[in-house]
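This report concerns only the one structure given below.
Read-outs throughout are calculated quantities, based only on the coordinates presented, and are distinct from any laboratory measurement. Everything quoted here is computed from the prediction, not taken from an experiment. Note that we place each Cβ from the backbone using ideal geometry, even for glycine, and neighbour counts take in every protein chain shown.
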Amino acid sequence: MSDDSPDNILIYVHDPMCSWCYGFRPTWSEVKSQLPEGLPVVSLLGGLASDTDIPMPEEMVEHLKGTWSRIAEVCGVRFNHDYWDQEPAPPRTTYISCRAVISAERLAGRGDAFCERIQNAYYQEALNVWQPEVLCDLAEEFGFRRDAFEEILNSDEVKTVHIEQQQLAARLQVEGYPSLILIHKEDGFPISVRHGDAATMIRDINDLLAKVQA
């Protein structure tokens, strides 16, 4: 860590097409609104599934349907199950949505907001956000120039940034999404993700900060 880096950084590791990340969104928004002043938050894009156009097998579709229903009960978020009515089944691929968030961040510092737009399009509007043209439609609606967004989305630069973020997440021993890690100087400390319990998460973060700074 360089001399001018903050002593403490909170890292959030996620994937726009991770249903548990979508379920965690209301809690995460509340946590961010109550974080200690001056604690920087850095988002890293992980990635559940690499690029493919092979339709999901039926057992995976049924598993994910069940996961969506469970998250709706646990987190109180809405899912549009019309997504699963398409034939053939959609592929299990999420890396392109991660690259779309990175693209929005690099174009205009709006990665977090565009991540939420992707989540809404996927989970509430049943759109195929793994299709480049759908992501470009969303970007254009969002206020980006379509050609500029398409160019950066397909660039080697963004692919490299995504790989670097995945590698950093691996070095931090992230095993699932969403994950939160408090970095204090050179050390990383995981924060338990508690769906629907922002107050306890804030207390955990404050307690950990007090401990590492003691």
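Inter-label distance, VAL42 to ARG203: 3.0 nm, where each label sits 7 Å from its Cα along the C-beta direction. Here the chain carries DSSP beta bridges of which approximately 70% are antiparallel, counting only pairs with both residues inside. Sites listed here are GluC sites (Glu not before Pro) in the range 21-76 whose DSSP assignment is loop and whose Cβ has at most 16 other Cβ atoms within 10 Å: GLU37. Each principal axis of the Cα atoms in the chain has its own extent, and those three values, largest first, are 58, 39, 29 angstrom. Annotation: extensible slack from SER69 through ASP156 equals 27.6 nm (criterion: 0.36 nm per residue apart, minus Cα-Cα distance). Axis of helix 198-213 versus longest Cα principal axis of the chain: the two differ by about 40°, to the nearest ten degrees. Angle of helix 19-33 to the longest C-alpha principal axis of the chain, folded into 0 to 90 degrees and rounded to 10: 40°.
The residue among CYS98, GLY176, SER192 whose Cα reaches farthest toward the positive pole of the charge dipole of the chain, with charges on the beta-carbon of Lys, Arg, Asp and Glu, is SER192.
Relative to the longest principal axis of the chain, what angle (0 to 90°, nearest 10) does the C-alpha long axis of helix 132-142 take? The angle comes out near 60 degrees. Loop-located GluC sites (Glu not before Pro) across the range 126-203 with a Cβ neighbour count of 11 or fewer within 10 Å are GLU175, GLU186, with loop assigned by DSSP.
Spin-label model, LEU168/ALA113: points 7 Å from Cα along the beta carbon direction are separated by 2.2 nm. Within the straight-line cut-off of under 17 Å between alpha carbons, the aspartates and glutamates reachable from LYS65 are GLU73, ASP82, ASP85, GLU87, GLU125, sequence neighbours fewer than 8 places apart in one chain being disregarded.
Using a simple charge model, +1 on the beta-carbon of Lys and Arg, -1 on the beta-carbon of Asp and Glu, nothing else, what dipole does the range 8-213 show about its Cα centre, in debye to the nearest 20?
My answer is approximately 760 debye.
Placing a label point 7 Å from the Cα of ASP85 along the Cα-to-Cβ direction, no residue of the range 38-65 has a backbone N closer than 14 Å. Each other residue within a Cβ distance under 13 Å of VAL61 adds +1 if Lys or Arg and -1 if Asp or Glu, for a net charge of -3.
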